[in-house]
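Asker: Pasting a structure below so you can have a look.
Read-outs throughout are calculated quantities, based only on the coordinates presented, and are distinct from any laboratory measurement. These numbers come from a predicted model, not from an experiment. FYI the Cβ positions are ideal-geometry reconstructions off the backbone, even for glycines, and counts take in every protein chain you see.
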Amino acid sequence: MNKTEYWNLIEQSKSFKEDQVEWLTEELSKKSIDEIVDFEFIFESYMKESYQSHLWGAAYLIMGGCSDDSFDYFRGWLIS
């Protein structure tokens, strides 16, 4: 899986709103092990790239506070 395929899956998943994660899990379960690993690698690379103080500051302002865990959740939401 490349980044274009990754973003296509994310874009398709948005239409499922509250069930986004469930839909994405179901779709990934249909993929090969290599594609699943690629998806995780791409996601984790974006998580690592998004670990920046100015983004944490934005999350803090938006959410009225932001712990370590909350920042992880915020970045996962932002990427998804």
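Asker: Output the qualifying pairs, or none if there are none: Cβ atoms under 7 angstrom, residues six or more apart or on different chains, first residue in the range 53-80 and basic (Lys, Arg), second residue surrounded by 14 or more Cβ atoms within 10 Å (Cβ to Cβ) and assigned to a helix (DSSP H, G or I).
Answerer: Arg75/Met47
Asker: If you don't mind, another one. Are any residues in the range 24-50 closer than 16 Å to Ile79 by Cβ and among the hydrophobic types (A, V, I, L, M, F, W, C), and if so, which ones?
Answerer: Leu24, Leu28, Phe39, Phe41, Ile42, Phe43, Met47
Asker: Can we say Ile42 is more than 13 Å from the chain's Cα centre (by Cα), among the β-branched types (Val, Ile, Thr), assigned to a helix (DSSP H, G or I) and surrounded by 14 or more Cβ atoms within 10 Å (Cβ to Cβ)? Even if it seems obvious, please write down each step before you answer.
Answerer: Working: more than 13 Å from the chain's Cα centre (by Cα): no; among the β-branched types (Val, Ile, Thr): yes; assigned to a helix (DSSP H, G or I): yes; surrounded by 14 or more Cβ atoms within 10 Å (Cβ to Cβ): yes.
When the stated conditions are applied, Ile42 does not pass them.
Asker: Let me ask something else. Residue by residue through the range 8-19, note down the ones that are basic (Lys, Arg) and either outside any helix (DSSP H, G or I) or over 24 Å from Phe71 (Cβ atoms) (or both).
Answerer: None - no residue of the range 8-19 is basic (Lys, Arg) and either outside any helix (DSSP H, G or I) or over 24 Å from Phe71 (Cβ atoms) (or both), so the list stays empty.
Asker: Another question, then. Limited to the range 61-79, what total is found for residues that are under 18 Å from Val21 (Cα atoms) and either in a loop (DSSP other than H, G, I, E, B) or of a type in the set (A, V, I, L, M, F, W, C) (or both)?
Answerer: The qualifying residues number 4.
Asker: In the range 46-60, how many are surrounded by 12 or more Cβ atoms within 10 Å (Cβ to Cβ) and part of a helix (DSSP H, G or I)?
Answerer: Residues in the range 46-60 being surrounded by 12 or more Cβ atoms within 10 Å (Cβ to Cβ) and part of a helix (DSSP H, G or I): 7 in total.
Asker: Kindly provide the set of residues from the range 25-80 that are of a type in the set (Gly, Ala, Ser) and more than 25 Å from Glu5 (Cβ to Cβ), ordered by number.
Answerer: Ser53, Gly57, Ala58, Ala59, Gly64, Gly65, Ser67, Ser70
Asker: Continuing with this model, one more query. Quick one: what pairs do we get from the range 1-30, first residue more than 16 Å from Tyr46 (Cα to Cα), second among the aliphatic types (A, V, I, L, M), C-beta under 6 Å, 6+ apart or different chains?
Answerer: Cβ pairs passing all conditions: Ser13/Leu24; Leu28/Ile36.
Asker: In the list Glu5, Glu27, Glu35, Glu22, which residue meets the criterion of being part of a helix (DSSP H, G or I), touching a Ser or Thr at 6+ places or on another chain (Cβ under 8 Å) and not polar (S, T, N, Q)?
Answerer: Selected residue: Glu27, the only one of Glu5, Glu27, Glu35, Glu22 that is part of a helix (DSSP H, G or I), touching a Ser or Thr at 6+ places or on another chain (Cβ under 8 Å) and not polar (S, T, N, Q).
Asker: If you scan the range 61-80, which residues turn out to be small (Gly, Ala, Ser) and loosely packed, with under 13 Cβ neighbours inside 10 Å?
Answerer: Gly64, Gly65, Ser67
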